[in-house]
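I have placed the structure first, in the form of structure tokens, so that the comments after it can refer back to it.
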Amino acid sequence: MYKMKTTLVISTYNWPEALELVLLSIEKQTVLPNEVLIADDGSTNDTKKIIEDFKKRINLKVNHVWHEDKGFRKSIILNKALAKADGEYIIQSDGDCILDSHFIEDHINFSEPNVYLYGSRVSILEDFVKVLFKNKNISFNYFSKGISSRSRAIRIPLFNSFYKPKSKLSKKLRGCNVSYWKKDFLNVNGFNEDMTGWGREDSELIARIMNIGILGKRIRYSGIVFHLWHKINSKHNFNKNDSIQKKVIEKKIQWCENGVNKYL
């Protein structure tokens, strides 16, 4: 296990019921991060109250970074939050993903220099979400009701040794379960704020990180999150964002001009 300061960053927008379960799952971690950043893309006071209650319950630095709601601006709010990060290693998830109790421990244990990690996402089905909110359930396993892709809920860290770092961007990468070194994030100028609207903001960042020589390693049977079903976000800007990512990959672009440096 590498000994380093870790920052857990959670992005959220106006779903306090889901965020409450995510924050409860942070409290149950076998290894806590050194700090939690909540990147809030313009939520109302209902979300603020959930976060304030969490701060009172946990003996941990919690920084709620908020900006005004002007549409889907995840790249911008993540840059604003991560500019404040104290950790040298960033572990990233979303406000609709409940963390397995070993999530932080697994990302730390499998971290290594010049590598980023990406893990599995188990889906919680639509009909089961309301039950979770009512019961405040944050514990799942292979046999749990209301989940799909249940093989991804199996945690056997020893099996992770079969997965080796690779130099190609994986289609399995999800921004709700990824970790990377802060220095690598800064070396590509963070998230590209030209990307607004849903889609590709996370994988485009990782593509640029790979273009500076960082390899990607899948953590399978470890580092698990449980994604709450919700209606699909508007994809009105997806084609634009996708074209930006394709250009990054084709031209091996490393640095985005409209990035995190303006907040440092």
(request) Check whether at least one residue in the range 49-69 is under 22 Å from Leu186 (Cβ atoms), out of contact with any strand residue (DSSP E or B) (no Cβ under 9 Å at 6 or more places or on another chain) and of a type outside the set (Ser, Thr, Tyr), and report yes or no. (result) no
(message) Test of understanding: among Ile212, Ile224, which residue is at pLDDT 95 or above and loosely packed, with under 15 Cβ neighbours inside 10 Å?
(response) Ile212
(message) I'm told Lys136 meets every condition in (1) touching a residue at least 60 places away in the same chain (Cβ under 8 Å); (2) more than 28 Å from Gly42 (Cβ to Cβ) except one. Can you identify the failing condition by its number?
(response) (2)
(request) Assess whether Leu32 counts as being hydrophobic (A, V, I, L, M, F, W, C), surrounded by fewer than 23 Cβ atoms within 10 Å (Cβ to Cβ), at pLDDT 95 or above and assigned to a loop (DSSP other than H, G, I, E, B). (result) yes
(request) Looking only at the range 175-198, decide whether some residue is surrounded by fewer than 21 Cβ atoms within 10 Å (Cβ to Cβ) and free of Cβ contacts under 8 Å to residues at least 60 places away in the same chain. (result) no
(request) Restrict the check to the range 4-15 and report whether at least one residue is in contact with a Pro (Cβ under 9 Å, 6 or more places away or on another chain) and of a type outside the set (Val, Ile, Thr). (result) yes
(message) What's the number of the only condition in (1) crowded, with 18+ Cβ neighbours inside 10 Å; (2) of a type in the set (Val, Ile, Thr); (3) more than 21 Å from the chain's Cα centre (by Cα) that Ile147 fails to meet?
(response) (3)
(request) Check Leu125, Leu78 and return the single one that is aliphatic (A, V, I, L, M) and farther than 20 Å from Val9 by Cβ. (result) Leu125
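The values are calculated or read from the model by the stated rules, or taken from the named source; none is laboratory data. Everything numeric here is computed off the predicted structure, so don't read it as measured data. Cβ sites come from the backbone with ideal geometry, for glycine too, and all protein chains shown count toward neighbours.
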